[in-house]
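*Asks:* Structure in structure tokens, see below.
Here, each number is a calculation from the coordinates, and none is a lab measurement. This is a predicted model, so every value here is computed, not measured. Neighbour counts are summed over all protein chains in view; Cβ atoms, including those assigned to glycine, are modelled from backbone coordinates with ideal geometry.
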Amino acid sequence: MRMAYTIVDSALGRLLVAATGKGICFVSLGEDDPAMEAELRSDYPSADIRRDDSAGPPWVEALLRYLRGESDDLALPLDAPGTGFQERVWAGLRSIPFGSTRTYKEIARALGLPETAARAVGRACATNSVSLVIPCHRARRADGGLAGYRWGLERKRLLIEIEKSFPGRAATALIV
DNA sequence: GCCAGAACTCTGG
DNA sequence: CCAGAGTTCTGGC
């Protein structure tokens with residue numbers, strides 16, 4: 001698999017976006033470029049990866065607007081392979097409305113899994129390589145806690161804040 | 001290769 | 001508090 005990536009500054013730190021010809025396969029937030037590049041390579045050990053900072057696809061701009069709280073559109077093309085179970089969970093996460101959250105148990109139930117699968121759902125969230133586009137920050141624990149986040153709990157909290165303060169949220173807020 | 005234990009969980013004893 | 005349920009990964013042998 002061949003992929004190109006770029007790293008830019010964002011409202012939440014450095015933002016790395018990698019994509020194949022078909023779609024986005026890796027998105028991460030961090031502080032340290034070499035560490036983020038290493039993370040990308042360890043997720044795709046056999047891929048042919050090169051850096052390309054030229055004005056690539058419009059996806060990076062879309063993610064930056066989202067992080068500034070200016071856009072609620074995360075319907076970007078994905079090309080992130082996972083196991084059958086992982087892809088089911090990721091699809092479930094993407095169906096959570098912007099600005100709201102679900103517990104791991106609710107996500108399991110929505111997918112037709114037994115509630116005892118909550119932990120397996122958490123594991124699938126933990127191993128997703130595409131932050132933001134797969135909104136695993138909308139998953140919380142049943143006791144109200146935030147559980148963990150691969151890119152830092154503080155960022156998870158900020159992402160929820162950004163979504164809550166988005167101007168267009170009034171209609172969905174009433175449903176919750 | 002196989003098995004134990006951990007990981008972004010939750011429930012019931 | 002502890003174990004167990006459903007999935008994947010890692011580390012030890």
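*Asks:* Which lysines have a Cα lying under 20 Å from the Cα of A:LYS105, excluding residues fewer than 8 positions away in the same chain?
*Replies:* Cross-link targets: A:LYS156.
*Asks:* Sequence-distant or interchain residues sharing an amide H contact under 5 Å with A:VAL130, placed H: which?
*Replies:* Under 5 Å from the amide H of A:VAL130 lie the amide H atoms of A:VAL27, each far enough along the sequence or on another chain.
*Asks:* Further question on the same structure: Run the lone-cysteine check on chain A: no other Cys C-beta under 4.7 Å from the residue's C-beta.
*Replies:* If one checks each Cβ against the other cysteines of chain A, A:CYS25 turn up with nothing under 4.7 Å.
*Asks:* I would also like to ask the following. Counting other C-beta atoms within 10 Å, which of A:GLU106, A:GLU61 has the fewest, and how do the rest follow?
*Replies:* Fewest to most other Cβ atoms nearby, the residues stand as A:GLU61, A:GLU106.
*Asks:* Okay, next question. For the stretch A:1-69, what class follows from the C-alpha gyration tensor (a ≥ b ≥ c being the square roots of its eigenvalues): rounded when a/c is under 1.5, otherwise prolate if a/b is larger than b/c, else oblate?
*Replies:* In terms of gyration-tensor shape, oblate.
*Asks:* Based on the Cβ-Cβ distance of A:THR127 and A:SER165, what FRET efficiency does E = 1/(1 + (r/R0)^6) give at R0 = 30 Å, to the nearest 0.05?
*Replies:* That gives a FRET efficiency of 0.55.
*Asks:* With unit charges on the beta carbons (Lys and Arg positive, Asp and Glu negative) and the dipole taken about the Cα centre of chain A, which residue among A:ALA38, A:PRO167, A:ALA91 sits farthest to the positive side?
*Replies:* So the residue furthest toward the plus end is A:ALA91.
*Asks:* Now for a separate question. Going highest first, how would you order A:18-27, A:119-128 by mean Cβ packing within 10 Å?
*Replies:* A:18-27, A:119-128
*Asks:* What whole number of Å gives the distance from the Cα centroid of the stretch A:62-114 to the Cα centroid of the stretch A:39-53?
*Replies:* The stretch A:39-53 and the stretch A:62-114 have Cα centres spaced 23 Å from each other.
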